[in-house]
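These notes concern the structure reproduced below.
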Amino acid sequence: MRRNGWVLAALGVSVFVVGTSEYLVAGLLPQVAGDLGISVATAGQAVTAYAVGVVLGGPLVTAATVRVPRRVLGVGLLVLFAAGNGVCAVAPDFGVLIAGRVVASLSHAAFLTLALLMATRVVRPERTGAAIAAVAAGFSVATLLGVPIGVLVGQEAGWRVPFALVAGLSLVMAVALGVLLPRGDRVETRIRDEVRAVVSRPVLLVVGTTAVGMAAVATVFTYLAPSLRDVAGFGTATVSGLLVLYGLGSLVGGLVAGRVADRSLSAAVRGTFGGLAVALTLVSLMLPWKVGAVVAVLVFGLLASSLTPTLQSLLLRHAGDAPTLAVSVNVAAFNIGIALGAVVGGAVVSGAGTRWTGIAGTVLSLGGLGLSYLALPRTPERSALGGQARQESRIGALG
């Protein structure tokens, strides 16, 4: 049991490193642009390149490596991630920087898929949601601590230093996973079984629900800082503090949602989308009042990160004995949702103003709620665990 805890911790820290790298460059665009002699808008394409690599490359890498032993794959993906960030750290021009970002992005979705699945294999089937939430918490901590610290280091020591540090941490975690992950553990399904699971109606419904739900969150979060500044009237320092509050709420909310999903998946999914619709409405209605804005940000944070453990747990129920590629596609759906939400939010800001992004997010949340009713298993929850339970017993837990 103690070894299982170390495995979960190592996976969570690895996800923290990956999450920090994903968002780090956005906070360093002025420094990158100035050093490489390009515009800030051009430098911003380093964010786009990474996102495209995750969405398109992630499922392809996952499919190509589906039969590779999990320990070998985990170490290899982190080494690839380290290489990509190392290239970014020494990039002499923008083209090489983009190449480094693409290399790093190719391991993102595949590694997150592996981390989520390995987390479920070292716990009992009835604790799947909590295990997913524990690993996914690495992203919340990355947003809360990793990115701000990385940006601060980059501002003081140069933008290349944080990328070098991420590369070094990736190699450290590669060694840790090489020691902790079980030897010889591999996925026994064939690629055609994985593809068949992905294109099944229940899995596609979950993927669609994920994209719509994440779009609801991103519609508001992308423009949350200017909303707090322009509508609520907060200063720059206070806005930063409120984003930290959002991050804390996100960390707690995800962990709680994972436990709720283990008790009742249907209640967790419906509660997340219903609560998110209420929270996003509150954001729009309460922004003009400072106290109300603080409450709305905290409630928004608590519910935003609940999507990951609830929807990934739901996906595992439907994917049965061939979940690997399905989880990777769902990870890509999160990124598609982020991109879609940024576009929707931008349209609202250009038209109605920053205050009303919450209403657009509410509409998307209600759409996700409707999709979730179609995506929820029609069999009793206890029997719906059967596919994953069989997979767990076949592979075996570490403890």
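For segment 192-395, what class follows from the C-alpha gyration tensor (a ≥ b ≥ c being the square roots of its eigenvalues): rounded when a/c is under 1.5, otherwise prolate if a/b is larger than b/c, else oblate? Verdict is prolate for segment 192-395.
How would you classify segment 118-159 from its alpha-carbon gyration tensor, with a ≥ b ≥ c the square roots of the eigenvalues: rounded for a/c under 1.5, else prolate if a/b is greater than b/c, otherwise oblate? Let's see the in-between values first.
On the way: a/c = 7.81, a/b = 4.06, b/c = 1.93.
Taking the square roots of the gyration eigenvalues as a ≥ b ≥ c, segment 118-159 is prolate.
Modelled this way, with points 7 Å down the Cα-to-C-beta line, the labels at Ala9 and Val291 are 4.2 nm from one another. Residues Asp193, Asp93, arranged from fewest to most other Cβ atoms within 10 angstrom of their Cβ, appear as Asp93, Asp193. Counting neighbouring beta carbons within 10 Å and listing from fewest to most, the residues Trp289, Trp159 come out as Trp289, Trp159.
Among Arg121, Arg355, Arg190, which one moves the most in a GNM of the chain with springs linking Cα atoms closer than 10 Å? Result: Arg190 has the largest fluctuation of those listed.
For the chain, complete DSSP H runs whose alpha carbons reach 24 Å or more along their own long axis and whose mean Kyte-Doolittle score is 1.0 or higher are 70-90, 94-121, 160-180, 201-221, 236-263, 265-286, 324-351, 357-375.
As a proxy for reagent exposure, His318, His108 were ordered by neighbouring Cβ count within 10 angstrom, fewest first; the result is His318, His108. Here the dipole of the chain is about 1120 debye; that uses its Cα centre as origin and unit charges on the Cβ of Lys and Arg (positive) and Asp and Glu (negative).
Helix content alone sets the calculated 222 nm mean residue ellipticity of the chain: runs of n ≥ 4 DSSP H residues at -39500 (n - 2.57) each, divided across all residues, give -26500 deg cm²/dmol.
All of the numbers you see were taken from the coordinates with simple rules; none came from a lab. In this text, all values refer to a predicted model and were calculated from it rather than measured experimentally. Reconstructed Cβ throughout: ideal geometry from the backbone, glycine too, with neighbour counts over all protein chains shown.
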